[in-house]
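Contents: one structure, followed by commentary.
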Amino acid sequence: MDFAELAALASGHAEARAIQTALKLGIFDILDSAPLDDAALAAAIPANRRATALIANAMVALGLLDKRANRYSLTEVSRRYLLRSSAEYLGGLILFDEAIFETWVHLDQVIRTGAPARPTDMFQNRPEETERFIRAMDSLTRARGDPAFVANRLDLSRVSTFADIGGGPGTYAVAMLHRWPHLRAKIYDLPASLEVARRILSEREPAVLERLDLVRVDYLYDDFPGRCGALFMSNIIHSEDETTNAQLFRKCFRALEPGGMMIVKDHIMNADLTAPTAGAIFALYLLLTTRGRDYSFDEVSRWLVDAGFVDIKHEALPSPPFTSSMVIARKP
């Protein structure tokens, strides 16, 4: 690593905050219909003209806007990922990061004490926080393409019932239902999350609601109702500690039919917990906001074996664009 690379890493918050602010001000959506100069853009926000020009110029420098004859317009990247109307809109995640940005100020204290910087409530206690969090998870996976890729990668041809534990917006469950027309799916999640999921699905996928059950389950305290042919957990174990995850896998074992499939999708780390890089950095997010961290394949395998699972395998997903992988196991 040279000076320029280190300096870029150390100042990365500036680029992040600039993008978050441009999105929050609606700059990309405003420019969807036609290019505008700084005066027209400032009037549309509304905002100070001089300051608007500075942030718009910053977006040009980052490759998120074009500037020709003093008029700003969208680039291919911003049109694809930063317009609310896009199916690959990443703005939900960006605005979620903007909302929790202040927690990073407390990272030094969190390192000293080990205690999170905010309640570990999975954003369930305030409706606006729940909405922002669930839509952020939906935004990230749809923009990156995880659900369709995973649905095509898994063989659910002999599975009749699929359940997504902590399935949030239902993005993965919907992808499974589209890929496997014979399948019936369930989402196990908390009441506040399911309310958001129902709104999202009613807006975007009303037809699949006939094959999708939204079931109130707190996986920390409740057993899973009924038996399923496949259980799926995406980005769940990283929010919990080691004891909780061991207990969770035992619950999953009981909830599966004989021969049933257990699928865990997460940042699965190397034995040293230093790779992939995205997982090592994301562990700091988790330190700030949850009881968990990212875990190694050896740790996940041990929980699965102790619960009774067999045929455990680690399947890495192509990187880029993906930063996680899957651990797949079977109930005898």
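Laid out as a table, the results:
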| read-out | value |
| --- | --- |
| Calculated [θ] (222 nm, deg cm²/dmol) that DSSP helices of n ≥ 4 give over the chain, each run adding -39,500 (n - 2.57) | -13500 deg cm²/dmol |
| Inter-label distance for Asp97 and Asp306, nm, one decimal - labels placed 7 Å from Cα along Cα-to-Cβ | 3.4 nm |
| Pairs of Lys in the chain closer than 26 Å at Cα, counting only those 8 or more apart or on different chains | 11 |
| Cα-derived Rg over Rh, computed across the chain with Rh taken as Kirkwood radius | 1.00 |
| Label zone at His182 (point 7 Å along Cα-to-Cβ), backbone N below 15 Å, the range 118-161 | 155-161 |
| Shape of the range 268-332, Cα gyration tensor, a/c cut at 1.5 | oblate |
| Note, ³J(HN,Hα) from phi for the range 111-127, Karplus 6.51, -1.76, 1.60, rounded to Hz, x at Gly and Pro | 5, 5, 9, x, 8, x, 8, 8, x, 8, 9, 6, 6, 9, 8, 10, x |
| Length added when fully stretched, Arg71-Leu273, from 0.36 nm per residue minus Cα-Cα | 68.0 nm |
| Net charge of neighbours whose Cβ lies under 14 Å from the Cβ of Met261, counting Lys and Arg as +1 and Asp and Glu as -1 | +2 |
| Per-residue Cβ neighbour rank within 10 angstrom, fewest leading, Glu102, Glu195 | Glu102, Glu195 |
| Distance in nm between pseudo-label sites at Ala115 and Ala16 (7 Å out along the Cβ direction from Cα) | 2.4 nm |
| Rounded FRET efficiency, nearest 0.05, which uses the C-beta distance separating Lys313 from Arg254 and R0 of 22 Å | 0.50 |
| Distance in nm between pseudo-label sites at Tyr285 and Asp155 (7 Å out along the Cβ direction from Cα) | 3.3 nm |
| Shape category assigned to the range 132-202 from the gyration tensor of Cα positions, a/c cut at 1.5 | oblate |
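Readers should treat all values here as calculations from the given coordinates under stated rules, not as data from a laboratory. Computed from a prediction, not measured in an experiment: that's the story for all the values here. Note: ideal-geometry Cβ built from the backbone for every residue, glycine included; neighbour counts use all protein chains shown.
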